[in-house]
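Throughout, read-outs are computed from the coordinates displayed, never taken from laboratory work. Predicted, not measured: the structure shown is a model, and the values here were computed from it. Note that we place each Cβ from the backbone using ideal geometry, even for glycine, and neighbour counts take in every protein chain shown.
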Amino acid sequence: MPLEQVNSTKYLGTIIDSNLTWKEQIASVEKKVAQGCHALFKLQPIIDIKILREVYFSLIYPHLQYAILTWGKVPETYLTYLKVLHNRSVRCITKNNLTTTS
């Protein structure tokens, strides 16, 4: 049976493209982190910083860490929006909670 050539494939939760640019993987992580950031934004006014941290470590952090050794060495410009989303999520946790210690 001949192998079919594809532009990208998902293997163990990581999207590998034919040129190893990791753009699709980063876009997928960005989408998941944006959803987690939105959840933090909605929860921020009603729960305290400790719970917000738990939400961060359950919804955002795993997506940032999973298979980072494979796609983490891409050019800096590919990661710009992902860094923005990460900073936004951390600000959401600390906003209005600066007087509370963790």
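Some values worked out for this structure:
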{"item": "Which of Val29, Met1, Ile46, positive extreme of dipole for the chain (C-beta unit charges)", "result": "Ile46"}
{"item": "Rounded to the nearest 20 debye, dipole of region 8-94 from Cβ charges on Lys, Arg, Asp, Glu", "result": "140"}
{"item": "Partners for Lys32 among lysines (Cα-Cα distance below 18 Å; same-chain residues under 8 apart left out)", "result": "Lys10, Lys23, Lys42, Lys83"}
{"item": "√(5λ) per eigenvalue of the Cα gyration tensor, region 15-102, largest first, Å", "result": "28, 11, 10"}
{"item": "Gain on full stretching of the segment that runs from Thr14 to Thr77 - 0.36 nm per residue minus C-alpha separation", "result": "20.7 nm"}
{"item": "Mean separation of Cα contacts under 8 Å, 6 or more apart, over the residue count of region 8-94: relative contact order %", "result": "38"}
{"item": "Protection-proxy order for peptides 24-36, 52-64, each taking the mean of Cβ atoms within 10 Å per residue, highest first", "result": "24-36, 52-64"}
